[in-house]
Amino acid sequence: MRGYLGKKSVLVTALLASTSIAQAADVEVLHWWTSGGEAAALNVLKTDLAGQSIGWVDMPVAGGGGEAAMTTLRARVTAGNAPTAVQMLGFDILDWAAEGKLANLNDVAAEEGWDAVVPAALQGFAKFEGNWVSAPVNVHSTNWVWANKAILDELGIAQPESWDDFVVALQKVKDAGKVALAHGGQAWQDATVFDSAVLSVGGTDFYTKAFVELDEQALGSDQMVEVFNRMATLRGFVDSNFSGRDWNLASAMVINGEAAFQIMGDWAKGEFLNAGKVPGDDFLCFRVPGTQGAVSFNSDQFAMFAQADAGAQTAQGEMARAIMSPSFQSAFNVVKGSVPARTDVPNDAFDACGKQGMVDLADAAANGRLVGSIAHGHANPAAVKNAIYDVVTAHFNGEYDAATAAANLVNEVMAAQ
Ligand code: GAL
């Protein structure tokens, strides 16, 4: 009898142990998706995970572009208390992987066949030394304009096709007494506009030479002076209250008819949709005039921080699997404004802007015109990115002229490497 009980309790203990290994713990998710549109998209993720009994512990750190979130992350990891999953961009992922802090997702990636469906440009940031370390949730791109259709109709402005047309259109709005360009004066927003200014002047070859290869001559070239001249032109079309304004409040100015245009990544579409606006009827989306054919992308990924606890590891694997499922990629990106991070997701559920985004991405990737966003950490590691921010913002705020900006860019970028 005693022997039987003993065996049984061994069995029960073994069962409990295996359950605790198999059972997913909660995930604590650090992210910066706090605007209306972003929160709506985040809810799609929360609901999806809840349906799979993965609990969610929310760790939002407000601030577009994620700088504040990355500061919080550093503090958490230094304190030995890394969150389970972290929204992260580009080179930041590779930096954390190089520090040995990220979990290995190879098992789930192999089971789900990620290698075959995730585009090479994204794999370059999701894999470190051949191992999967993060799960890409989307592809955004920064070279978009969001326009209030009623204002354009009222002023007889057709969708501008070239940079010069765009400037004419902006002037027309300004002359009519409205805000031409809705903008928030924060370094990452200035830099987001800068992505497009660079593309409009020199296309992806110049962009790559200057901001990926960090070629000294390209950084200090006449073309770069022209880039800064274009930034100054745009600066002439923002309202006097632009300093410090959050990006979603700038989007709201276009949504509410206070302003005609915003240059912003396609997360802006999430704000329009969240306000009940319809593309083509209420607002227009088009590539920044002069950048058609090129795509400056950024992909939000969830990097998983290595955890000792088996339940936490299981949850990470399940979260990564859920994120990469085709149905989730469709449902989430329809709301977020981005396009799927896998190439095999049907475009049926996407609106006209989303469909265009998918076509543009595939076309740019196939023709060598897909570049990583400077502003969103897909062209350089944080030190260089921040050096570029400093120059772009100082110039945008009128601290120095375009020629000085180009010269400073060379110095700052060289010093930051
Ligand atoms: C980007 C991020 C987007 C969007 C945006 C504004 O860096 O990739 O998903 O959230 O910031 O917060």
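The values are calculated or read from the model by the stated rules, or taken from the named source; none is laboratory data. Since the model is a prediction, treat every value here as computed from it, not as a measurement. Positions of Cβ are backbone-derived with ideal geometry, glycine not excepted, and every protein chain shown enters the neighbour counts. To get the accessible areas, we keep the full protein, side chains included, count just its heavy atoms, and leave off ligands, DNA and RNA. Shrake-Rupley method; radii C 1.70, N 1.55, O 1.52, S 1.80 Å.
A few remarks follow.
- Verdict on D282 being open to solvent by 10 Å² or more (accessible area, probe 1.4 Å) and among the acidic types (D, E): yes
Here's the yes/no breakdown for (1) free of Cβ contacts under 8 Å to residues at least 60 places away in the same chain; (2) within 16 Å of the ligand (Cβ to nearest atom):
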{"site": "F332", "(1), (2)": "no, yes"}
{"site": "S338", "(1), (2)": "no, yes"}
{"site": "A349", "(1), (2)": "yes, no"}
{"site": "Q356", "(1), (2)": "no, no"}
{"site": "A364", "(1), (2)": "no, no"}
{"site": "N367", "(1), (2)": "no, no"}
{"site": "A394", "(1), (2)": "yes, no"}
{"site": "A415", "(1), (2)": "yes, no"}
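- Cβ-Cβ under 8 Å pairs, at least 6 apart or on other chains, the stretch 210-225 side charged (D, E, K, R), far side open to solvent by 30 Å² or more (accessible area, probe 1.4 Å): D215/K209; E216/M414
- Pair list, Cβ < 7 Å and 6+ apart or interchain, from the stretch 188-209 residues that are closer than 10 Å to I374 by Cα to residues that are within 14 Å of the ligand (Cβ to nearest atom) and of a type in the set (D, E): W188/E67
- Every listed requirement among (1) surrounded by fewer than 17 Cβ atoms within 10 Å (Cβ to Cβ); (2) touching a Pro at 6+ places or on another chain (Cβ under 6 Å) is met by A306 save one, (2).
- Checking each residue in the stretch 51-63 for being at pLDDT 95 or above and either among the aliphatic types (A, V, I, L, M) or touching a Gly at 6+ places or on another chain (Cβ under 9 Å) (or both) picks out V57, M59, V61, A62.
- Within the stretch 157-171, being free of Cβ contacts under 8 Å to residues at least 12 places away in the same chain and outside any helix (DSSP H, G or I) holds for one residue alone: A158.
- Qualifying residue in the stretch 12-26 (condition: at pLDDT below 95 and touching a Phe, Trp or Tyr at 6+ places or on another chain (Cβ under 8 Å)): yes
Yes/no matrix, rows are residues, columns are (1) within 17 Å of the chain's Cα centre (by Cα); (2) part of a loop (DSSP other than H, G, I, E, B); (3) of a type outside the set (A, V, I, L, M):
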| position | (1), (2), (3) |
| --- | --- |
| F350 | no, yes, yes |
| V359 | no, no, no |
| V392 | no, no, no |
| N411 | no, no, yes |
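- Scan the stretch 172-207 for residues that are part of a helix (DSSP H, G or I) and open to solvent by 40 Å² or more (accessible area, probe 1.4 Å) and the total you get is 4.
- Residue under evaluation A98, criteria (1) more than 21 Å from the chain's Cα centre (by Cα); (2) buried (at least 21 other Cβ atoms within 10 Å of the Cβ), criterion not met: (2)
- Restricting the stretch 45-67 to residues that are surrounded by fewer than 16 Cβ atoms within 10 Å (Cβ to Cβ) and β-branched (V, I, T), the residue that is farthest from the ligand (Cβ to nearest atom): V57
- Any hit, the stretch 259-272, residues being polar (S, T, N, Q) and open to solvent by 20 Å² or more (accessible area, probe 1.4 Å): no
- Test: residue in the stretch 73-85 that is hydroxyl-bearing (S, T, Y), open to solvent by 10 Å² or more (accessible area, probe 1.4 Å) and within 28 Å of D190 (Cβ to Cβ): no
- Filtering the stretch 134-165 to residues that are in contact with a Phe, Trp or Tyr (Cβ under 8 Å, 6 or more places away or on another chain) and away from the ligand (no atom under 16 Å from the Cβ) leaves V145, A147, N148, K149, Q159, P160.
- Counting only helices (runs of 4 or more DSSP H) wholly contained in the stretch 108-156, the ones carrying 1 or more residues that are open to solvent by 10 Å² or more (accessible area, probe 1.4 Å), in contact (Cβ under 8 Å) with a residue 24 or more places away in the chain and more than 30 Å from K178 (Cα to Cα) occupy 114-117, 120-126.
- Flag if F297 is within 21 Å of S196 (Cβ to Cβ), assigned to a strand (DSSP E or B), within 16 Å of the ligand (Cβ to nearest atom) and not small (G, A, S): yes
- Search result, residues across the stretch 231-247 that are part of a helix (DSSP H, G or I) and open to solvent by 40 Å² or more (accessible area, probe 1.4 Å): A232, T233, R235
- Inter-residue pairs, beta-carbon under 6 Å, first of a type in the set (A, V, I, L, M) and in the stretch 55-76, second part of a helix (DSSP H, G or I), 6+ apart: V61/A68; V61/A69; V61/T72
- Residue match in the stretch 208-218 (condition: buried (at least 24 other Cβ atoms within 10 Å of the Cβ) and either out of contact with any Gly (no Cβ under 6 Å at 6 or more places or on another chain) or closer than 24 Å to A68 by Cβ (or both)): yes
- Selection count where residues are surrounded by fewer than 24 Cβ atoms within 10 Å (Cβ to Cβ) and either closer than 11 Å to D92 by Cβ or over 15 Å from the mean Cα position of the chain (by Cα) (or both), scope the stretch 366-379: 4
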